[in-house]
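The values are calculated or read from the model by the stated rules, or taken from the named source; none is laboratory data. It should be emphasised that the depicted structure is a prediction, and the values quoted were computed from it without experimental measurement. Using ideal geometry, Cβ is built from the backbone for each residue, glycine included, and neighbour counts are taken over all protein chains shown.
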Amino acid sequence: MTRRLHDIAIARSGDKGDRATLSVVALDAAHYPLLVRWLTPARVAAHYAGVVRGPVRRFELPQLLALQFVMDGALGGGVTRSLALDAHGKTLAFALLDLPLPGDNDAPNPNPGDDPCT
């Protein structure tokens, strides 16, 4: 059975202009290192290919067991300019929670600068 991000974390998203913010919070401290290792900016950008046109930056918040992603060019020009159904980007968090997690036999990323999913 494939585990998904929603099995170990919760997420929230919001907007500011054409920038979406996305926070992912581990449900248990034991899961935070897995989030750090596997939820890279490159993987998040790949998951939102075609939606996010700008860079994806990640900020680690270990005291909160959270990662925050800032995604530029994600909202079709911003709330007042976009014709998108979700101009505020509120559903972006739910889309990420469906992301499959690595299996128990998948090796951790030996080179933290590389995306382990490529």
Checked pairs for segment 28-43, first of a type outside the set (Val, Ile, Thr), second in a helix (DSSP H, G or I), C-beta under 8 Å and 6 or more apart or across chains, list as Tyr32/Pro62; Leu39/Leu5
Scanning segment 6-48 for residues that are touching a Cys at 6+ places or on another chain (Cβ under 8 Å) and not aromatic (Phe, Trp, Tyr) gives Thr40, Ala42, Arg43, Ala46
Screening His31, His47 for residues that are closer than 20 Å to Thr2 by Cβ, at pLDDT 75 or above and touching a helix residue (DSSP H, G or I) at 6+ places or on another chain (Cβ under 8 Å) leaves only His47
Going through segment 58-96 in order, the residues found to be modelled with pLDDT of 70 or more and either assigned to a loop (DSSP other than H, G, I, E, B) or surrounded by fewer than 15 Cβ atoms within 10 Å (Cβ to Cβ) (or both) are Phe59, Glu60, Leu61, Pro62, Gln63, Leu64, Leu65, Gly73, Ala74, Phe94
Cβ pairs under 8 Å, 6+ apart or interchain, first in segment 1-16 and among the small types (Gly, Ala, Ser), second assigned to a loop (DSSP other than H, G, I, E, B), ordered by first then second residue, are Ala9/Leu27; Ser13/Gly89; Ser13/Lys90; Ser13/Thr91; Gly14/His88; Gly14/Gly89; Gly14/Lys90
Among (1) surrounded by fewer than 18 Cβ atoms within 10 Å (Cβ to Cβ); (2) at pLDDT below 95, Ala11 falls short only on (1)
Practice item. Answer yes if at least one residue in segment 32-47 is more than 9 Å from the chain's Cα centre (by Cα) and assigned to a loop (DSSP other than H, G, I, E, B), and no otherwise. Key: no
Checking Ala26, Ala30 in turn, the sole residue that is surrounded by 14 or more Cβ atoms within 10 Å (Cβ to Cβ), under 15 Å from Leu101 (Cα atoms) and of a type in the set (Gly, Ala, Ser) turns out to be Ala26
